[in-house]
Amino acid sequence: MENDAVETHRQELRRGTVVLACLLVLDEPGYGYGLLETLAERGFSVEANTLYPLLRRLEKQGLLTAEWNTDESRPRKFYRTSDDGRVLAATLMDDWKTLDSALNELGGQTS
Amino acid sequence: MNTSLTERYVAATLQRVPAGQRDDIAAELRASILDSVDARIAAGLDPAEAEREVLTELGNPERLAADYTERPLQLIGPRLYLQWWRVLKLLMIIPVIVTIIDVAGAAISGASVGAIIASGLGTAFTLALHVVFWVTLTFALIDRYDPGESERLGSWDLENLPEEPGRVDIGGDIVPNVVFSVVFIAVLVLGGSAFATFGGDEPLAVIDPALWSLWLPVLIAALVLGVVMDFVRLAIGRWTWALAGANLLVGLAFAVPACWLLLSHRFLNPDLIAHIERETGTDAWVSPTVLVTVIAIIAVTTWDVIEAFVKAHRARVAPG
């Protein structure tokens, strides 16, 4: 199968998990580039030009709270998962687990 | 470190961001870029190289700005696209009709063939452009600003399912065709009979009565044949290639003699032309009238023939 097509399907799978990953990681306050690195280390490769607008969107939806930190010479905007965000993260996590066991049943492989 | 590239990038992004959010996005974006660059420098990259890499990865600043502001980067979305296309095709009939009128008008006013063609093309192009522009603008506005209307317009239900392709539609196909044929037969019969006096002493026919010996019967026969074919088509229930071919022959059997008679000035009654010339002092009306009639016959016959083949194509029984 063509490489592009394979990549597209894999990206589709990953795309669905980025929001949940952000909500979980940002239980501890994090900022733009730092979050990018953390997600990459944990196996969620997201592009910068996807992540930054996503953070803003999640903040607008009330799932993240944001605060400017001016302690260092370079002011940074720190995000943190809000209460609503935590509730959604739990729901998404449940969905994920349900999907996981359903897929395992279908595929017959242990995760 | 050369920050002008970064500053230019941030400025370019901000251009498409509403004033209220600019400061916040600017500060955050700048910090993110500088953080990325620092990380790459720490990994051993040259500062200028690091900056270029980071900005290149971020991509088109306009696109980034659109993502920041959640601006849809499309004119008409998939929800409305099909409807837009359908309306566009439907309204294209307007340029066609107006162009025909324009060409007919130019012909009547005695313009040269070149001028007629130029005028026709100009009209057709301009009108088509207008239709495309206004329809697209309306749909783009609805798509962008009225999701309710967009939802309604883009919805589909079973009612919209088209009839079996090529299925003969009695009301829209057979009836009009038969009616037109009968009307034309009547026109030919009456036109070839002297029943009106046109203000003179003797009644004069519009069509040269000499044509009764051959050509008028031929034309009437072609029209009658057309009506017969309409009933055959009604019986079969759809267009077929054979029917479309027969339609072509019958169409030619009418159009070719009719146009020839008109263009060679054999159609109109010479007595009538002479009479009108005596009354009004001119016969300049003859040529333009003939030309318009010929154009109309050619246009209608062509349309009819093409339509028949298109319907036959659509109605072809699927293999297997």
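Of note:
- Those helices (runs of 4 or more DSSP H) lying entirely in region A:4-111 with at least 3 residues closer than 25 Å to B:G59 by Cβ and away from chain B (no Cβ under 14 Å): none
- Subset of region B:23-46 (residues that are assigned to a helix (DSSP H, G or I), surrounded by fewer than 14 Cβ atoms within 10 Å (Cβ to Cβ) and either touching a strand residue (DSSP E or B) at 6+ places or on another chain (Cβ under 9 Å) or not acidic (D, E) (or both)): B:A42
- Sole exception among (1) surrounded by 13 or more Cβ atoms within 10 Å (Cβ to Cβ); (2) away from chain A (no Cβ under 14 Å); (3) of a type outside the set (S, T, Y); (4) outside any helix (DSSP H, G or I) for B:V17, by number: (2)
- Of all residues making up region B:49-73, the number that are farther than 17 Å from A:L51 by Cα and either within 12 Å of chain A (Cβ to nearest Cβ) or in a helix (DSSP H, G or I) (or both): 5
- When B:T99 is tested against the conditions (1) more than 10 Å from chain A (Cβ to nearest Cβ); (2) closer than 30 Å to B:G154 by Cα; (3) part of a helix (DSSP H, G or I), the lone failure is (2).
No value in this document is a laboratory result; all are computed from the given coordinates. Values in this document were obtained by computation on a predicted structure and should not be read as measured data. Backbone-built Cβ (ideal geometry, glycine too); neighbour counts: all protein chains shown.
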